[in-house]
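Peer 1: This structure is in structure tokens; I'll ask about it shortly.
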Amino acid sequence: MAGTRTPRSGLMAGRSDVVGTVAGPGEDPNEFVFVTPSDRSIKTGEFITYTVSADGGERSVFARVTNRELIRGLPEGFLADPEVGPETVAATLGVPTDDTELYRLTATVIGYYDTDMTTFANPRQLPDPGTPLSIAPDQQLETVLPNLGCETDSTDVAGLDGIAHVGWLLNRPAEATNIHIPIEEFASTHLAILASTGSGKSYTASVLIEEMMRPSARASLLVFDPHGEYDTLADMQGEAAFQDEDGYEPDIVYYDPERLRVRISELEIGDVMAILDNPSNRMQERLSTAWRAMQRQESRTWGVDELIAEMERIYGDDDASVGALEWRLRRSIERNDLFHPEENVPLDEIVDAGQCTVLQMDTLDRWDQQLITTVLLRRMYRERLDDVRDRESAIDHPIFALFEEGHRFAPASGDAPSLGIMRTITSEGRKFGFGLGIISQRPSKIDQDVLSQCGTQISMQIQNPNDQDAIKNSVEAAGEDVLRELPGLTPGQAVVSGDAMNTPALIQVRQRRTPHGAGSRPVIEEWHDAYDERQRKPTRSEGADFGEGDSTGVQDLD
Amino acid sequence: MTDHSTAGDQLDLDSCVQIGSVVSSNSHLDYVVEVYKERDCERPPELHEREFGQPVFIKKTIDGTDHAVMGVIYDTQLIDPDQGRTGPRLAQEDQAQFTPGYIEERTTLAGVALLGTAVITDDRTITNPTHQMPRWTLEVDDTVFHCPDEITRSFHTIDDQIQLAYMDRLVDIAGDLGAEVIVTLIDRLQGILPEDDPNQRVLDVVEQNVQWQARERRGVV
């Protein structure tokens, strides 16, 4: 025993960054307890490291601090008077106050970085009591925490391509340990950004969009924006950080609601049934027969008129159900500007490499938002399928679609037409290069199949227990210790977990390069402005001066 | 000064009231002092000058430097060798001048616990107080002096901060009376310090702590 310890302690003796000593095993098989004289440098969530002999070499094993308790400190009796500090009382009694506090910390072993597997391997062996522990070095963490596939544990990751700088470790000083997540990983296995309102969901999403639009990534991005929160992304154009020597510059396209059209022939019979008011069984039968007949036709530009003509051809002019259907179809489809027999959103306008298209849907009602999403997703998915199968396709590159208010498009209640295609893409889209990003403040209101398929999760402050449960139940990578952190996070702080990470990490989301467009409204200021505005304007109740003399009163009576 | 000042209070260490002389010790820090009576010295201590919790000092010259070894009276005991005997009593009045040790006599013993040391300056007051355990031992017959309030205050003030760093040792020596002697000392210090002194609050907290711990130990709470 002494033989094995001596070289290790000799090695550690020269290290000034030793912060604690292992005391013994903890409650769980992967947990150990260590003691540290002060809390200066160790916070919960911090990564620490120790050395073990494994596979014939020295390995740095990483562990995460999960809990801290005080085992020795000044007695509570010293706190009897709030205006007299416990140190003063201690000094009076001659009790030394330097390093009085002794903490017992619990840490969970993550493992050592296996350079062959490019992920963590658990040594399945807890450190011996007395093993010195150090704070894990910044660069090592930058390399091994995200799933970057580095072949050593000290690669300079900032130079790698296709990575997104999302922020830095929360426990370290700003920009000390930068976390870069591989874009490919979350763009193919889907992404979920979950947080309560005001915690920085769309801010974080914008940071990711910025990273994906940089010259090293040049993503093909589509943002479904029901609230118009992404109108500042255009500032990326013209910024040096987004330009490349070969002339690349991201193309930010805003697609306003007036240009969002659904060609009627793109609708599926299920969508139409959902739009119509309670069609009877007979009507449904009539409609689906006619719809299938229309879809078999060469022409893709037919409208309600043609559909009714087809029904009348099949069932006769005087069929009562056809008459009732006509009335319903005209009311629901023909009078809705969203539907058009010919016009359609041209896919080549909204998707292209190096292009970020923001579909602004803020003036559409919820139902129309869901419908346009359904049809667009379905079309794009079909094109991706064709491309992968080597058929002619309008989209010959992978795409990533980001959904603000994701629970609106894939609700747990299941009453959105878009749910089906979202489920399909999240479960099968990876093979066809179609990634989804779901942003939501109500994880409990998102369809659990969709949420559980999101391989990478960025979770921010969430206090609602239902939403925490939803994350616990559907997000596999989020461990207990991560979930415990959620209520205590402040805006801009996030837990990144899942496929893009080798182990979950607490981060501070980095500053955006473009200004943020979705902050809270300056309510008081706006009230003041509105009040001043009203004071300046004459109101109708203000009587005009009909008297004589040089009146300055308002003459306008209309 | 304050109400606690007595007629015997003077800043000159040499003219302090003599309380008694060391007759034995229980440990390095715990001495037994025989209290002077009328015939032992010119001005024997009055009752209030040798009360429970009274700070005292003993002068010692070490390597040519005068030191004051500080202590406190934490216990008193009355000795009456005649208690329970019957028979004539002859010794006392006749033999006023002759009191060798083998003649048993009524006497009062005081327990003195040592608290720390200080250096005696040329103008006969103290400086450099320390609450560390005194390294030097006292001798039999060393005179124990009443400690005036001003000296008590200087001994307890280090860098303007009140200090009672000997407390754990004192509790140990004084045993069951430990909490009481500390509370008495604190009361005395509170009387000496001005009322708006920030150290008053510190003393409050310490006093509460000591009292609470003593009650806990005695099983009251």
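Peer 1: DSSP beta bridges in chain A, what fraction antiparallel, as a percent rounded to 5?
Peer 2: In chain A, approximately 65 percent of DSSP beta bridges are antiparallel ones.
Peer 1: Then there's this: Per-residue Cβ counts within 10 Å, from other chains only, averaged over B:197-205: what number is that?
Peer 2: Counting Cβ atoms of other protein chains within 10 Å of each residue's Cβ and averaging gives 5.
Peer 1: Output the peptides A:402-410, A:237-245, A:45-53 sorted from most to least packed, where packing is the average of other Cβ atoms within 10 Å over each peptide's residues.
Peer 2: A:402-410, A:45-53, A:237-245
Peer 1: Please state the shape class of region B:161-216: rounded when a/c is under 1.5, otherwise prolate if a/b exceeds b/c and oblate if not, all from the C-alpha gyration tensor.
Peer 2: In terms of gyration-tensor shape, prolate.
Peer 1: Here's something else I'd like to know. Which value, in Å², gives the accessible area per residue of region A:449-510 when a 1.4 Å probe is used on the protein heavy atoms?
Peer 2: Ligands and nucleic acids excluded, the figure is 35 Å² per residue.
Peer 1: Sticking with this one: To the nearest 100 Å², how much accessible surface do chains A and B hide from each other in total, with a 1.4 Å probe?
Peer 2: The buried area between A and B, both sides summed, comes to about 1100 Å².
Peer 1: Continuing with this model, one more query. Between residue A:312 and residue A:251, how high is the FRET efficiency from 1/(1 + (r/R0)^6) when r is the Cβ-Cβ distance and R₀ = 45 Å? Nearest 0.05.
Peer 2: E between residue A:312 and residue A:251, to the nearest 0.05, is 0.45.
Peer 1: Enumerate the lysines that residue B:60 could reach by cross-link, defined here as Cα to Cα under 24 Å, with residues fewer than 8 away along the same chain left out.
Peer 2: Within reach: B:37.
Peer 1: Still on this model: Amide H to amide H under 5 Å from residue A:252: which residues, 5+ apart in sequence or cross-chain, H placed 1.01 Å off N in plane?
Peer 2: Residues meeting the amide H criterion: A:356.
Peer 1: Report, to the nearest whole %, how much of the accessible area of region A:361-400 belongs to carbon and sulfur atoms, 1.4 Å probe, protein only.
Peer 2: 43
Peer 1: Hey, another quick one. Ranked highest first by the average count of other Cβ atoms within 10 Å around their residues, in what order do A:203-213, A:172-182 fall?
Peer 2: For the peptides A:203-213, A:172-182, the packing ranking is A:203-213, A:172-182.
Peer 1: State the extension gain, in nm to one decimal, for the chain segment bounded by residue A:69 and residue A:197, taking 0.36 nm per residue of separation less the distance between their alpha-carbons.
Peer 2: So the extension gain works out to 42.9 nm.
Peer 1: Let me ask something else. State, to one decimal in nm, how far the label point of residue A:38 lies from the label point of residue A:330, with both points 7 Å from Cα in the Cβ direction.
Peer 2: Those two pseudo-labels are separated by 8.4 nm.
Peer 1: Same structure, new question: Give the long-range amide H neighbours of residue A:119: residues separated by 5 or more places, or on another chain, with amide H under 5 Å away, using H modelled in the peptide plane at 1.01 Å from N.
Peer 2: Excluding prolines and chain starts, which carry no amide H, the hits are A:114.
Peer 1: Related question: Compute the separation of the alpha-carbon centres of region A:379-404 and region A:121-174 and state it in Å as a whole number.
Peer 2: 36
Peer 1: Take the alpha-carbon centre of region B:105-172, take the same for region A:222-298, and report the distance between them in whole Å.
Peer 2: 91
Peer 1: Once you put a point 7 Å from the Cα of residue B:128 and another 7 Å from the Cα of residue A:258, both along the Cβ direction, what distance in nm separates them?
Peer 2: Between residue B:128 and residue A:258, the label points sit 9.3 nm apart.
Peer 1: Another one. Normalised by the number of residues in chain A, what is the relative contact order in percent for Cα pairs under 8 Å and 6+ residues apart?
Peer 2: 16
Peer 1: On to the next question. Over all residues in A:78-89, what is the mean tally of Cβ atoms on other chains that come within 10 Å of each residue's Cβ?
Peer 2: For this peptide, the per-residue mean of nearby foreign Cβ atoms is 4.
Peer 1: What is the ratio of the Cα radius of gyration of region A:325-427 to 2.2 N^0.38 Å, with N the residue count, to two decimals?
Peer 2: Expressed relative to 2.2 N^0.38 Å, the Cα Rg reads 1.16.
Peer 1: Translational diffusion coefficient of the protein assembly as shown at 10 °C, 1.306 mPa s, Stokes-Einstein with Kirkwood Rh over Cα pairs, in µm²/s as a whole number.
Peer 2: Using the Kirkwood radius from Cα pairs, D works out to 46 µm²/s.
Peer 1: Right, next: Determine the per residue accessible area of region A:213-335 with all protein chains present and a 1.4 angstrom probe, expressed in square angstrom.
Peer 2: Value returned for region A:213-335: 48 Å² of accessible area per residue.
Peer 1: Sticking with this structure for a sec: Just reorder B:146, B:48, A:165 by solvent-accessible area, largest first, 1.4 Å probe, all chains present.
Peer 2: Descending accessible area places them as B:48, A:165, B:146.
Peer 1: Within a 10 angstrom radius of each residue's Cβ in B:207-214, how many Cβ atoms of other chains show up on average? Whole number is fine.
Peer 2: 2
Peer 1: Here is a further query. Tell me whether region A:411-484 comes out rounded, prolate or oblate; compute the Cα gyration tensor, take square roots of the eigenvalues as a ≥ b ≥ c, and use a/c under 1.5 as the rounded threshold.
Peer 2: It comes out oblate by the Cα gyration axes.
Peer 1: Still on this structure, I have one more. Students often forget the sequence filter, so: which aspartates and glutamates lie under 13 Å Cα-Cα from residue A:43 once same-chain residues fewer than 8 apart are removed?
Peer 2: Within reach: A:69, A:485.
Peer 1: Could I ask something else about it? Apply the Karplus curve 6.51 cos²θ - 1.76 cosθ + 1.60, θ = phi - 60°, to the phi angles in region A:130-139 and return the couplings in whole Hz, x for Gly and Pro.
Peer 2: The phi angles translate into x, 5, x, 10, 10, 6, 5, x, 4, 5 Hz.
The values are calculated or read from the model by the stated rules, or taken from the named source; none is laboratory data. These numbers come from a predicted model, not from an experiment. Every residue, glycine among them, receives a Cβ derived from its backbone with ideal geometry; neighbour counts consider all protein chains shown. Areas reflect the complete protein model, heavy atoms only, side chains present, ligands, DNA and RNA absent. Shrake-Rupley method; radii C 1.70, N 1.55, O 1.52, S 1.80 Å.
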